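Presented below is the structure to which this report refers.
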Amino acid sequence: MVVFELNSGLRPRDWQSTAMQSWRGSHTGVVKVVTGGGKTIFALFCIEEYLTKYPNTRVIITVPTVALMDQWFVEIIGLTSLSEDEISLHGGGHRSQDYGKICLMVMNTARTLSLEARRGQRTLLIVDECHRSASKENRKAIDIAANATLGLSATPEREYDDLFEEIISPILGDVIFTYDYQRAHEDGVISDFVLFNVKIGLSPEEEEEYASLTKAIASSSGLLESKIPPSVLRRSSVVACAARRVPGTVSIVQMHRNEKIIIFHERIDEMLKIHKSLRESGINALAYHSKQGPHIRRNNLLMFRKGVSNVLVTCKALDEGLNVPEASIGIISASTSSTRQRVQRLGRILRPSPEKEFSSIYTIYATEKEEVRLAEECVRMQGVSQVNWMQGVVE
């Protein structure tokens, strides 16, 4: 019989013990944990406890991306008694012939395989980043009548629809425990951090065009963002990016050039301009984005983690699944209105490490809407982080 045991000496944090008490009654529910708070290890404690009671259980873990599947695999191998051949990988080029004690599945592959893996077996289903499982197609991956379920997310509730209440909660259960920035900071689970909101401003021409586009979007009142004409949203995003974001980002990197830095942008073409500018200024920056080949992506990420380069420029590809706790500087060169994305990106930098005393996160903004969102965040962060407002680091 395959034995699943966590490494001796590994003990749950206080919040993990409390959350386990909430979960063990019905073995269903969603746990809402700030990014970097330890939700993967929490899930491993739940697996250990459940398999102790029901040893013939198969565990199916679904994740939205290959990067997250790789991260789970590394954590399970490093922290438990399981060997590699007791874990099966499905998706991202992996297709195990058999189903292991632990089945790790990328969501789009799990749509067709999770029910097959569950058939005839007592099953514990764990859904990481469970907010991503509510679409019509992704629902197929989780609606498998599992014996026990656990949903994990920093932001399980969805911003633009009611699909958490309509789909996720009926399948995985309600939110049974919440662990937010305030508690994580008080417990020392996330590093101390300071927020810098840097206004760069639009040129007069950009101001005029952005105002025009904002009116066009407003005229679509009552529509979800996904229903607003794509050409309007796309052009609005381009204008909001503002050419000054590139030199602004480079200037901040120059201020922290001896620290480990992650730069986030929304658009590949714009992030490549930042990457080029950094290289031209003598900074050995690496790029990571979805249009690169898998070998280049993995190699660049590995070189960043090993310290061959201390600057990584990326897009949405690393919003979920990047674990580099040594990174102490985050620069959000451009962002959307998504609260979820904001939480994910902050979490990339807030993981504690013996190699850093605190983290600094710079957000470059140009528009009034961005400023309003940051002001609202400032209120939420009272007692958690110092927030500094700056007027452009470059002219």
Looking at (1) over 24 Å from Ser169 (Cβ atoms); (2) in a helix (DSSP H, G or I); (3) open to solvent by less than 40 Å² (accessible area, probe 1.4 Å), which one does Glu48 not meet, given that it meets all the others?
(3)
Selection over the range 69-85 where residues are at pLDDT 80 or above and either of a type in the set (Lys, Arg) or open to solvent by less than 50 Å² (accessible area, probe 1.4 Å) (or both) yields a count of 10
Ala134 versus (1) buried (at least 17 other Cβ atoms within 10 Å of the Cβ); (2) among the aliphatic types (A, V, I, L, M); (3) in contact with a strand residue (DSSP E or B) (Cβ under 9 Å, 6 or more places away or on another chain): which is the lone unmet condition?
(3)
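Within the range 354-376, which residues are open to solvent by less than 20 Å² (accessible area, probe 1.4 Å) and at pLDDT below 85?
Residues of the range 354-376 that are open to solvent by less than 20 Å² (accessible area, probe 1.4 Å), as a first pass: 359-367, 370, 374.
Across the range 354-376, the qualifying residues are Ala366, Thr367, Glu370.
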Say we look at the range 8-33 and pick out the residues that are on the phi < 0 side of the Ramachandran plot and open to solvent by less than 10 Å² (accessible area, probe 1.4 Å); which of these is modelled with the lowest pLDDT?
Val33
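Rundown of residues vs (1) assigned to a loop (DSSP other than H, G, I, E, B); (2) modelled with pLDDT of 75 or more, yes/no style:
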position: Arg279; (1), (2): no, yes
position: Ile296; (1), (2): no, yes
position: Glu320; (1), (2): yes, no
position: Val343; (1), (2): no, no
position: Arg351; (1), (2): yes, no
Can you pull out the residues in the range 63-101 that are in contact with a strand residue (DSSP E or B) (Cβ under 8 Å, 6 or more places away or on another chain), free of Cβ contacts under 8 Å to residues at least 12 places away in the same chain and part of a loop (DSSP other than H, G, I, E, B)?
Ser96, Asp98
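Could you list, in sequence order, the residues of the range 110-127 that are of a type outside the set (D, E, K, R) and part of a strand (DSSP E or B)? Give the steps one after another, and end with the answer.
First, pick out the residues of the range 110-127 that are of a type outside the set (D, E, K, R): 110, 112-115, 117, 120-121, 123-127.
Answer for the range 110-127, where residues must be of a type outside the set (D, E, K, R) and part of a strand (DSSP E or B): Thr123, Leu124, Leu125, Ile126, Val127.
The values are calculated or read from the model by the stated rules, or taken from the named source; none is laboratory data. Computed from a predicted structure; not experimentally measured. Heads up, the Cβs are rebuilt from the backbone with ideal geometry, glycines too, and the neighbour counts pull from every protein chain shown. The protein model used for the area step is the full one, side chains on, heavy atoms only, and it has no ligands, DNA or RNA in it. Shrake-Rupley method; radii C 1.70, N 1.55, O 1.52, S 1.80 Å.
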